[in-house]
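The values are calculated or read from the model by the stated rules, or taken from the named source; none is laboratory data. Note that this is a predicted model, so its numbers are computed, not measured. Please note: Cβ atoms are built from the backbone with ideal geometry, for glycine as well, and neighbour counts cover all protein chains shown. Remember, those area values only see protein heavy atoms, side chains included, never the ligands or the DNA or RNA. Shrake-Rupley method; radii C 1.70, N 1.55, O 1.52, S 1.80 Å.
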Amino acid sequence: MKIREITEELEYQLLSPYATKSRETRGRDKEEEKCDIRTEFQRDRDRIIHSKAFRRLSHKTQVFISPEGDHYRTRLTHTLEVAQIARTIARALRLNEDLTEAIALGHDLGHTPFGHSGEEVLNRLLKDGFRHNEQSIRVVEVLENDGKGLNLTWEVKDGICNHSTAGNPQTLEGQVVQISDKIAYINHDIDDAIRGKVLKPEDLPKDLIGILGDKHSKRIDTMVKDVINNSLGKPRVSMSKEIYEATYSLRDFLFKKVYIGSKAKKDEEKAKRVVEQLFYYFYDNIDKMPQEFIKLAEIYGRERAVADYIAGMTDKYALLKYKEIFLPSPWFEQNIFFLILIKI
């Protein structure tokens with residue numbers, strides 16, 4: 001008996017009746033020979049980790065654009081925190097931890113440079129709009145692996161596509177990632193906002209802190225335990241009414257105090273102009289893009305290919321291309337810190 005087959009048998013013995021079993025996957029778009037060692041969801045997790053899009057997350061904005069400190073979250077550290085929280089919940093609920101981890105690691109692969117600022121620009125410029133969760137699916141189906149995609153299982157792609165608030169994941173593992181994403185960013189964005197002196201600990205609403213906890217670790221502990229206690233043995237993953245309302249009220253507080261108009265967003269308009277001007281430039285000069293994106297333009301149209309190229313850029317690469325295209329080289333070489341501060 002192969003190791004994979006042993007693992008698949010153990011899933012039936014150990015996991016919840018509501019868990020997604022590897023052997024019961026709806027499969028891949030293209031059939032492949034199965035691995036002797038790894039289950040289908042383990043293979044998906046490994047493919048995502050080894051993808052170029054995953055590595056680029058380390059240089060993409062979470063909330064703070066071009067932060068000067070080393071301890072602010074990036075899109076990659078956010079992804080890892082989501083995966084850690086999701087694995088904890090999945091294991092406690094006896095769900096498929098491998099599927100949960102694969103979804104968590106892949107959920108933000110399609111995010112743009114400069115976080116949601118870049119996403120807003122592309123959403124405005126594209127006639128069909130732009131949503132990072134849909135772009136994540138495009139990354140794993142079309143853009144990765146030299147245009148061949150990663151050929152992930154249906155369950156992983158469903159979880160990635162539906163991780164946003166409006167999504168409706170069809171597996172409990174996908175639901176775990178959806179709620180873990182909120183738990184992660186609400187708490188680490190508070191942490192980063194306090195570190196960046198956008199907030200003070202005493203600014204947090206006292207009624208919500210009284211329910212959720214007065215420290216970063218306590219709030220995560222409260223939310224995670226509530227999800228587990230409220231979902232154990234049930235065909236749906238959710239929070240209790242009290243914790244749900246407190247959590248989303250805290251999220252609303254962050255939108256008012258951090259996400260919109262705060263010091264954390266002081267360079268947001270500048271970042272938006274970088275993305276917008278790069279889009280118009282490459283749309284008018286399609287031959288200036290790498291060859292693989294020129295080929296994509298022939299297949300999917302110029303607008304879509306330019307969006308694919310820009311969405312895949314890291315913050316650093318977007319600024320570098322902006323410098324190459326729009327700034328006089330001799331002047332820029334004498335002002336290298338301009339690249340970091342983006343004083344445009």
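In table form, for the structure just shown:
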item: Residues of the stretch 102-149 satisfying the condition of being hydrophobic (A, V, I, L, M, F, W, C) and under 16 Å from ALA166 (Cβ atoms); result: PHE130, ILE137
item: Qualifying residue in the stretch 84-101 (condition: surrounded by 20 or more Cβ atoms within 10 Å (Cβ to Cβ), farther than 27 Å from VAL274 by Cβ and touching a strand residue (DSSP E or B) at 6+ places or on another chain (Cβ under 9 Å)); result: yes
item: Residues of the stretch 153-181 classified as of a type outside the set (Phe, Trp, Tyr) and in a helix (DSSP H, G or I), total; result: 17
item: Of residues in the stretch 292-326 being hydroxyl-bearing (Ser, Thr, Tyr) and in a helix (DSSP H, G or I), the one nearest to LYS270 (Cα to Cα); result: TYR322
item: The stretch 120-146: number of residues that are of a type in the set (D, E, K, R) and without any contact (Cβ under 8 Å) to a residue 60 or more places away in the chain; result: 4
item: Any hit, the stretch 292-300, residues being at pLDDT below 95, under 23 Å from the mean Cα position of the chain (by Cα), of a type in the set (Phe, Trp, Tyr) and on the phi < 0 side of the Ramachandran plot; result: no
item: Test set (1) open to solvent by less than 50 Å² (accessible area, probe 1.4 Å); (2) basic (Lys, Arg); (3) modelled with pLDDT of 95 or more - LYS127 fails condition number; result: (1)
item: Condition check for ALA271: surrounded by 20 or more Cβ atoms within 10 Å (Cβ to Cβ), at pLDDT below 95, touching a Ser or Thr at 6+ places or on another chain (Cβ under 8 Å) and within 22 Å of ARG131 (Cα to Cα); result: yes
item: Subset of the stretch 150-168 (residues that are in contact (Cβ under 8 Å) with a residue 60 or more places away in the chain and open to solvent by less than 30 Å² (accessible area, probe 1.4 Å)); result: LEU150, ASN151, LEU152, THR153, GLU155, VAL156, GLY159, HIS163
item: Test: residue in the stretch 278-296 that is more than 30 Å from LYS127 (Cβ to Cβ) and not hydroxyl-bearing (Ser, Thr, Tyr); result: no
item: Every pair of residues 6+ apart whose Cβ atoms lie under 9 Å, when the first sits in the stretch 67-87 and is within 13 Å of ARG56 (Cα to Cα) and at pLDDT below 95 while the second is of a type in the set (Ser, Thr, Tyr) and open to solvent by less than 10 Å² (accessible area, probe 1.4 Å); result: THR74/THR61
item: Options GLY110, GLY115, GLY27; residue that is of a type in the set (Gly, Ala, Ser), open to solvent by less than 80 Å² (accessible area, probe 1.4 Å) and free of Cβ contacts under 8 Å to residues at least 60 places away in the same chain; result: GLY115
item: Selection count, the stretch 36-83, where residues are open to solvent by 50 Å² or more (accessible area, probe 1.4 Å) and among the aliphatic types (A, V, I, L, M); result: 3
item: Residues satisfying the stated conditions in the stretch 140-149, i.e. open to solvent by less than 10 Å² (accessible area, probe 1.4 Å) and not in a loop (DSSP other than H, G, I, E, B); result: VAL140
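Let's see how each residue does on (1) open to solvent by 20 Å² or more (accessible area, probe 1.4 Å); (2) without any contact (Cβ under 8 Å) to a residue 24 or more places away in the chain; (3) on the phi > 0 side of the Ramachandran plot:
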residue	(1), (2), (3)
ILE179	yes, no, no
ILE190	no, no, no
ALA193	no, no, no
GLY210	yes, yes, no
GLY213	no, yes, yes
MET223	no, no, no
ASP226	yes, yes, no
LYS241	yes, yes, no
